[in-house]
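The values are calculated or read from the model by the stated rules, or taken from the named source; none is laboratory data. Fair warning: this is a prediction, and the values are worked out from it, not measured in the lab. Glycine gets a Cβ as well: all are built from the backbone with ideal geometry, and neighbour counts include every protein chain shown.
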């Protein structure tokens, strides 16, 4: 009998606890949340802030912000969950991926076991894209290469997806012409623009590709230098030998470095026999002179028509680590050995 009474008391006590818990669950309300003013507004980012005014009698399980371009945004729109700041009722986060120059609606939200509650609606407008592109200068103009400098002024580095220069032989070149891509970002930059034609007038503009389009700098016009040329002539002619002189004619700077010098010769056009100058093992036939070389062709046949053509491979120093290279062929000449 005593045991039965004990069991009854335990059962009653358990039912009382359950009833109390159910009563507590029923008593919980939705939380109350406040949306604070948006801070640090930029073209694509903003800083959202909110705080829990009342948890509704139950633990707030999730909190965050929802936003959109229409009134009363919900978590079915853009949203981001945030952690609360320890020891406070505040929560905040930086949101990216916004569209520049756009009017947004934002609401904080909080979720407890009863459901989701939204805060007051706050509005803000992202900043417009303001990009200033400057074609600063064109320098170190050579035959096929120039150095261009530009500058991109913009308060938000993240909106510049690509920068560089565009060139054409007509005014105001665009990215539909020849482009020379650079890196992302803003500020001063430079680049070597290659693949140009000698003695040709070009136009160049700096450009910046942003998330909303292309912005160009002003047009700068320049003319490339004439390419080096090779002159070839016979300076001495005998029965079985001839001396060929080859020089480089260059109207630009003197920063040319000759790496290879050759003479092709034979008794037919486009001769294939080759004599070349090796700086590490100079041939006796070659003599280095100012602007080129002379080469003595020996063991020729008397009273015979010969063809000869000179070749140079030269490099032009532009800047530390930057060179322009040329394959230079002279015109094919003919000569006839004496009897």
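Residues being surrounded by 18 or more Cβ atoms within 10 Å (Cβ to Cβ) and either on the phi > 0 side of the Ramachandran plot or not in a loop (DSSP other than H, G, I, E, B) (or both): count how many of those fall in segment 125-139.
So the answer is 3.
Would you call residue 276 under 48 Å from the mean Cα position of the chain (by Cα) and either closer than 30 Å to residue 141 by Cα or assigned to a loop (DSSP other than H, G, I, E, B) (or both)?
The answer is no for residue 276.
What number of residues within segment 162-179 satisfy the criterion of being part of a loop (DSSP other than H, G, I, E, B) and over 16 Å from residue 144 (Cα atoms)?
8
Could you list all residues from segment 305-337 that are loosely packed, with under 14 Cβ neighbours inside 10 Å and in a loop (DSSP other than H, G, I, E, B)?
Within segment 305-337, 320, 321, 331 qualify.
Please go through (1) under 30 Å from residue 138 (Cβ atoms); (2) more than 42 Å from the chain's Cα centre (by Cα) for residue 312 and return the number of the only condition it doesn't satisfy.
Against the list (1) under 30 Å from residue 138 (Cβ atoms); (2) more than 42 Å from the chain's Cα centre (by Cα), residue 312 comes up short only on (2).
Looking only at segment 180-208, which residues are within 17 Å of residue 136 (Cα to Cα), without any contact (Cβ under 8 Å) to a residue 60 or more places away in the chain and part of a strand (DSSP E or B)?
If the condition is that a residue be within 17 Å of residue 136 (Cα to Cα), without any contact (Cβ under 8 Å) to a residue 60 or more places away in the chain and part of a strand (DSSP E or B), then 180, 181, 187, 188, 189, 190, 191, 193, 202, 203 are the ones that fit.
Given (1) over 30 Å from residue 194 (Cβ atoms); (2) at pLDDT below 90; (3) in contact with a strand residue (DSSP E or B) (Cβ under 6 Å, 6 or more places away or on another chain), identify the lone condition not met by residue 259.
(1)
Quick check on this structure: which one of 119, 84 is buried (at least 16 other Cβ atoms within 10 Å of the Cβ), in contact with a strand residue (DSSP E or B) (Cβ under 8 Å, 6 or more places away or on another chain), modelled with pLDDT of 90 or more and outside the structural domain of residue 178 (by TED's automatic domain parsing)?
None of the other options fit; the residue is 119.
Exactly one condition in (1) part of a loop (DSSP other than H, G, I, E, B); (2) at pLDDT 90 or above is not met by residue 282; state its number.
Here residue 282 meets the rest and fails (2).
In the set 16, 43, 6, which member is buried (at least 16 other Cβ atoms within 10 Å of the Cβ), modelled with pLDDT under 95 and out of contact with any strand residue (DSSP E or B) (no Cβ under 7 Å at 6 or more places or on another chain)?
Exactly one residue qualifies, and that residue is 43.
So, in segment 52-72, of the ones that are touching a residue at least 40 places away in the same chain (Cβ under 8 Å) and more than 19 Å from residue 28 (Cα to Cα), which residue ends up surrounded by the most Cβ atoms within 10 Å (Cβ to Cβ)?
Checked segment 52-72; the qualifying residue surrounded by the most Cβ atoms within 10 Å (Cβ to Cβ) is 65.
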